[in-house]
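The structure appears below as structure tokens.
The values are calculated or read from the model by the stated rules, or taken from the named source; none is laboratory data. Quantities reported herein were computed from a predicted structural model and do not represent experimental measurements. With ideal geometry, Cβ positions are generated from the backbone for all residues, glycine too; neighbour counts draw on all protein chains shown. SASA here: full protein model, heavy atoms, side chains in, ligands and nucleic acids out. Shrake-Rupley method; radii C 1.70, N 1.55, O 1.52, S 1.80 Å.
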Amino acid sequence: MNRMQRATLGGKLSAVLVAAGSSVGLGNIWRFPYVAGNNGGGAFLAIYILCVLLLGLPLMIAEFTVGRATHRNAVGAYRTLDPRWSILGYNGVLAAFLILGFYFVVSGWTAEYMVHSVTGELGRLGSAEAYAAMFENFIRNPWRPLLYTSLFVLATHFVIALGVQKGIERSAKVLMPLLFIILVALAVHSLLMPGSSEGLRFFLQPDFSKVTPATLLVALGQAFFSLSIGIGTMVTYAAYFKPDTDLRRTALNVTILDTLVALLAGIVIFPAVFSVGIAPSAGPPLVFVTLPGIFNDMPWSMVWSSVFFLLLIVAALTSTISLHEVITAYLHEEWHLNRRAAAWTTTASTLALSALASLSLGVLNDWRIGGLDLFDSLDYLTANILLPVGGFFTCIFVGWCMERKSLRAQITNDGRLPFHIERLFYFLLRYICPAILLIVFLDNLGLFKK
Ligand code: TRP
């Protein structure tokens, strides 16, 4: 892979922008509220934040160092440093493929909701039950979700293929703050709904008696999912970073931004959930059922909801681009396909998988993998298994196998930045992070049952 090509792709973009674009997405606004709701609220949030700080942040820095040290795709990066570790890159490419399988489907729903907002259809229904019925109806339909999903896949493809990433990322620079502002406005509105305090209590007040081993694993998986770590996305992106990018500061900024957006999403959703009487454990439909109700309650509801869903589409797009890029960069550099062919191969295969995942909510719902339909099993397998496993081995690799000199060179930009917390960073990466990951895993296998 020649570096010039790499450099032109994203060279002039700010690292924070692309990495935040990857991190902030449906994981924050759709997945976070639903898993928090499924896992008891407050205690989940506390554990989630601990996971972000203790595991997420060091791991993001670790992935950045691997990417910028090698300037390669996920597989090539690990192989360059140590051929035995290319398997870690393969885990990433596989996970990116499987995540796109359901992520594209949810992105399609977002697109459908935007269209319904614009046509005013979303505003006509009144009750939470009506919105729930509408959502069920929509996702079970064999054609409509498929259409929107395909459109979304193609949009991602063309951004990648035309190399207009820069354009997208630049507009994201304007649009993401706007998303943030809308979220704040929605949060204020939510908090003013009657009965909102119960929702707020559910979300913010920890009740640790509800915590099970599964809660820990789910919180950990959600933290990795939301930050886009564990599968080499940040390796792939950091390969495009400039030599003077401060990796630690970038990781810190991205982590803060990502966590704020998730928090805001929770403050929007839970008060409303309790106010209109939906179960917080409604699962994946939660946000799609709650949000239209909130908009409906507001003046200019059509404008609010159209703009909101449009921004959500942009947030989802900057995330699907990063996942698509993991696979495309791998096929391009390792299989020596040209970028066009690599991008098309990725697009065609992820489209096929997401079509199946979409249909698994309707006509193919009888296909079960371990009791789950394909959509749910892709979500479960990636967030709760592949990402934490990838994270575990990333800690081991960067903490124990990567040359300390080269790690230090990346973090300090060849000695130009100080590295006061080197000891702490190493300690976390070598001992604390792998130990937590291991314990949570073994705990879930029931090894510590009394
Ligand atoms: N983090 C994104 C979100 O929250 C999704 C995503 C993009 C992702 N790249 C990833 C998740 C890599 C896991 C790994 O929506």
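Here are the numbers for this structure:
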read-out: Percent of alpha-carbon pairs separated by more than 23 Å within the range 1-144; value: 57
read-out: From phi via Karplus (6.51, -1.76, 1.60), per-residue ³J(HN,Hα) for the range 356-366 in Hz, x at Gly/Pro; value: 4, 5, 5, 5, 5, 8, x, 4, 9, 5, 7
read-out: Local net charge near A265, Cβ-Cβ under 14 Å (Lys/Arg +1, Asp/Glu -1); value: 0
read-out: Cut-off 12 Å between beta-carbons: net charge of the residues surrounding E112, Lys and Arg +1, Asp and Glu -1; value: 0
read-out: Spherically averaged projected area in nm², based on the convex hull that wraps the Cα atoms of the chain; value: 20.5
read-out: Loop chymotrypsin sites (Phe, Trp or Tyr not before Pro), the range 410-439, which have at most 16 other Cβ atoms in a 10 Å radius of their Cβ (DSSP); value: F419
read-out: Three-way shape label, the range 281-381, alpha-carbon gyration tensor, a/c 1.5; value: oblate
read-out: Fraction of the pair-distance distribution of the range 347-432 above 21 Å, Cα-Cα pairs, percent; value: 54
read-out: Radius 14 Å from Cβ of L227, net charge of other residues (Lys, Arg +1; Asp, Glu -1); value: -1
read-out: Per-residue HN-Hα couplings for the range 205-221 [Karplus 6.51, -1.76, 1.60; θ = phi - 60°; Hz; x = Gly/Pro]; value: 9, x, 10, 6, 5, 8, 6, 10, x, 5, 4, 4, 5, 5, 5, 5, x
read-out: Share of carbon and sulfur in the accessible heavy-atom surface of the range 320-399 [1.4 Å probe, %]; value: 69
read-out: Where the chain is the region considered: accessible area per residue in Å², 1.4 Å probe; value: 39
read-out: Kirkwood-type radius of the range 115-211, with distances r between different C-alpha atoms, in Å; value: 17.7
